[in-house]
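The structure appears below as structure tokens.
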Amino acid sequence: MTDAVNASERRIRVVVAKAGLDGHDRGARVIARALRDAGMEVIYTGIFQTPESIVSTVLEEDVSVLGLSSLSGAHMEYSEEIVRLLRENKLDDVLFLVGGTVPDEDAEQLKADGVAAVFGPGSRTAEVVEFIESRIRGVDA
């Protein structure tokens, strides 16, 4: 079997993370469950993580996707640091997503800085699943 075939058959691996003092993780858990239900392998880091520990998990777990949940208003600070660390560790191919309470103007800046997509309040879990599948597998939803 070729590597291309193996890659297309492998389960998509995702890290779902919470950075800083943001202890509200219901949304992260809902997304983690939806991704698992869609057949993805999900590693949830738990709350109170640092950008360094999050990127370390991405590296150790050899994932294709990193989802950062942010409800504390610190999404810009943590996202910028995570993008820097991903680049520094040559993990530019990891699909980095942010979800939570992110104002539209911040979402645009995050995308300009390297975040693939931002999912705000009211985003459907199916929308997140479809986005990941389309970007990782090239599957049209």
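The values are calculated or read from the model by the stated rules, or taken from the named source; none is laboratory data. What you see is a predicted model; the values in this text were computed from it and never measured. Virtual Cβ from ideal backbone geometry, glycine too; neighbours counted across all protein chains shown. The accessibility values were calculated without ligands, DNA or RNA, using every heavy atom of the protein model including side chains. Shrake-Rupley method; radii C 1.70, N 1.55, O 1.52, S 1.80 Å.
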query = Based only on the alpha carbon positions, what is the Kirkwood hydrodynamic radius of the chain, in angstrom?
reply = 15.0 Å
ask   = Once the Cα atoms of helix 125-137 and of the chain are each reduced to a long axis, what angle between those two axes, in degrees from 0 to 90 to the nearest 10, is obtained?
value = 50 degrees
remark   = Ordering 76, 40 by the accessible surface of their heavy atoms, 1.4 Å probe, largest first, yields 76, 40
query = Roughly how many Å² is the accessible area per residue of the chain, as a whole number, for a 1.4 Å probe?
reply = 55 Å²
key: the range 1-135, dipole about Cα centre (Lys/Arg Cβ +1, Asp/Glu Cβ -1), debye to the nearest 20   = 460 debye
ask   = How do the peptides 12-18, 95-101, 116-122 rank, highest first, by the average count of neighbouring beta carbon atoms within 10 Å per residue?
value = 12-18, 95-101, 116-122
request  = Take the solvent-accessible surface of the protein heavy atoms, probe 1.4 Å, and return the percent of it on the chain that carbon and sulfur atoms account for.
outcome  = 48 percent
